[in-house]
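Asker: Structure below; questions to follow.
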Amino acid sequence: MQEATLAALAADDVVRAPSRFTLRQLGYLVAVADTGSIRAAATRLHVTQTAVGAALNDLERALGTQLLVRRRAHGALLTPAGQYVCDRARALLVEAADLELSARDAGDALRGPVALGCYSTLAVTLIPPILQGFGELHPEVELDFVADQQVPLERRLLEGDLDAALMYDMNLPMGLAARTLYESRVYVLLPASHRLATGEPVDLAALAEDPLVFLDLHPSGEHTMAVFRAAGVEPRIRYRTTDFELTRSLVGRGLGYALLVQRPRRSETYEGLPVIAAEITPPPAPVRILLAWSAGVRPTRRAQALMDFAADLFAPSQ
């Protein structure tokens, strides 16, 4: 969620929700939830603590329920009712901002912010074509992105900080909706000098005594170990990394092999050392690459356009 947009809406008491409370009050509640205290929320919104406190009192009276537990010198906590209202308020404020932007350009051109997340190992190949292609189609849209591990991306989707995210279909939590972009299979990455680097599929049992360079990122690491278990192989882990290109570089140096999903087009490492991608026999089940979003938040026109663009861009060729 864009702080500037929320702050602008929260400071504008002209636009009112169809009840006895205002968008300003809802924005104040969200700001307190995000910062943990009335003082910090007031600083973010450039208003006084008295103004924030009074607005939240009015909101509680309008809704007939306590939203916050105010703890002197220890910030403020949302009550269960407050958490429910805050979650709904986030969606309402985003929709209000989208309505304002759409009305400004008569609903034709798309403009305004979109936040896209991407699993770190996928970002290097998925993000650049999206930024360039979508930017050329919709130059007034402020598309930004964040590359991270899967759990932080899932959390930010559920909290409304991201409009959508590109990730693997591996143990998605409740509350997320998704569409499949394409499928890929796990493969073995070998140094060019390896005895099995012949271009033929590799049985994992033949690698049981070889050192493994293990990309230990959640959920990729768990999936890799599941592939080994299915093959009845206990790998001999020699190195653990959390970086995709470092994993490839170690393999290129002949320090082990790796199991990976993402497939760069080049067959060499950053150091210029050759590596060989070999299929696995019998082949593991394919891994789906998803575009996910919060099921509880209706996508803005901008976010929906982005998701449609990504689906078309990465659709398997017929």
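Asker: Is one or more of the residues making up the range 206-229 over 32 Å from the mean Cα position of the chain (by Cα), closer than 18 Å to GLU279 by Cα and part of a helix (DSSP H, G or I)?
Answerer: Yes.
Asker: Tell me which of these PHE228 doesn't satisfy, since it passes every other one: (1) farther than 30 Å from ARG156 by Cα; (2) modelled with pLDDT under 95; (3) not β-branched (Val, Ile, Thr).
Answerer: (2)
Asker: Look through the range 43-53, keep the residues that are in a helix (DSSP H, G or I) and in contact (Cβ under 8 Å) with a residue 24 or more places away in the chain, and return whichever of them is surrounded by the fewest Cβ atoms within 10 Å (Cβ to Cβ).
Answerer: That would be ARG44.
Asker: Looking at the range 255-276 only, could you name the residues that are in a strand (DSSP E or B), more than 11 Å from PHE214 (Cβ to Cβ) and not acidic (Asp, Glu)?
Answerer: Within the range 255-276, the first condition is being in a strand (DSSP E or B), and the residues that meet it are 257-260, 268, 274-276.
From the residues that got through so far, the ones that are more than 11 Å from PHE214 (Cβ to Cβ) too are 268, 274-276.
Answer for the range 255-276, where residues must be in a strand (DSSP E or B), more than 11 Å from PHE214 (Cβ to Cβ) and not acidic (Asp, Glu): PRO274, VAL275, ILE276.
Asker: Please indicate, with yes or no, whether at least one residue in the range 139-157 is assigned by TED's automatic domain parsing to the domain that holds LEU259 and in contact with a helix residue (DSSP H, G or I) (Cβ under 8 Å, 6 or more places away or on another chain).
Answerer: Restricting attention to the range 139-157, the residues satisfying the condition of being assigned by TED's automatic domain parsing to the domain that holds LEU259 are none.
Checking the range 139-157: not a single residue is assigned by TED's automatic domain parsing to the domain that holds LEU259 and in contact with a helix residue (DSSP H, G or I) (Cβ under 8 Å, 6 or more places away or on another chain).
Asker: A follow-up question, please. Considering the range 271-300 alone, what residues qualify as being modelled with pLDDT under 90 and either in the same structural domain as ARG88 (by TED's automatic domain parsing) or surrounded by fewer than 18 Cβ atoms within 10 Å (Cβ to Cβ) (or both)?
Answerer: Hits for the range 271-300 are ALA295, GLY296, ARG298.
Asker: What's the total number of residues in the range 61-83 that are out of contact with any strand residue (DSSP E or B) (no Cβ under 7 Å at 6 or more places or on another chain) and within 20 Å of LEU93 (Cβ to Cβ)?
Answerer: Adding up the residues that qualify gives 5.
Asker: Still on this model: Quick one: in the range 230-254, of everything that is among the hydrophobic types (A, V, I, L, M, F, W, C) and either assigned to a strand (DSSP E or B) or in contact with a Phe, Trp or Tyr (Cβ under 8 Å, 6 or more places away or on another chain) (or both), which residue is surrounded by the most Cβ atoms within 10 Å (Cβ to Cβ)?
Answerer: Ranking the qualifying residues of the range 230-254, first place goes to VAL251.
Asker: Let me ask something additional. Go through (1) at pLDDT 95 or above; (2) hydroxyl-bearing (Ser, Thr, Tyr); (3) in contact with a strand residue (DSSP E or B) (Cβ under 8 Å, 6 or more places away or on another chain) one by one and return the number of the condition SER249 breaks.
Answerer: The failed condition is (3).
Asker: If you take the residues of the range 59-82 that are over 14 Å from ALA33 (Cα atoms) and in contact with a Leu (Cβ under 7 Å, 6 or more places away or on another chain), which of them is surrounded by the fewest Cβ atoms within 10 Å (Cβ to Cβ)?
Answerer: Only one residue fits best here, namely GLU60.
Asker: Do you know which residues across the range 36-47 are touching a helix residue (DSSP H, G or I) at 6+ places or on another chain (Cβ under 6 Å) and more than 14 Å from GLY82 (Cβ to Cβ)?
Answerer: Listed by number, the residues that qualify are ARG39, ALA42, ARG44, LEU45.
Asker: Take PRO219 and tell me if it is of a type outside the set (A, V, I, L, M), surrounded by 15 or more Cβ atoms within 10 Å (Cβ to Cβ), under 20 Å from CYS118 (Cβ atoms) and touching a Phe, Trp or Tyr at 6+ places or on another chain (Cβ under 7 Å).
Answerer: yes
Asker: Considering each residue of the range 136-180, count those that are in contact with an Asp or Glu (Cβ under 9 Å, 6 or more places away or on another chain), more than 13 Å from TRP293 (Cα to Cα) and in a strand (DSSP E or B), and give that number.
Answerer: Qualifying residue count, the range 136-180: 1.
Asker: Here's a follow-up. Quick test of your reading of the structure: ASP58 fulfils all but one of (1) out of contact with any strand residue (DSSP E or B) (no Cβ under 9 Å at 6 or more places or on another chain); (2) more than 21 Å from ASP161 (Cβ to Cβ); (3) among the charged types (D, E, K, R). Name the failing condition by number.
Answerer: The single condition ASP58 does not satisfy is (1).
Asker: Next question. Which residue out of LEU126, LEU56 is modelled with pLDDT of 85 or more, crowded, with 19+ Cβ neighbours inside 10 Å and not assigned by TED's automatic domain parsing to the domain that holds GLU159? I'd like the intermediate steps shown before the answer.
Answerer: On the way: LEU126 fails: not assigned by TED's automatic domain parsing to the domain that holds GLU159.
Result of the check over LEU126, LEU56: LEU56.
The values are calculated or read from the model by the stated rules, or taken from the named source; none is laboratory data. Please read these numbers as outputs of a predicted model, since none were measured by experiment. Reconstructed Cβ throughout: ideal geometry from the backbone, glycine too, with neighbour counts over all protein chains shown.
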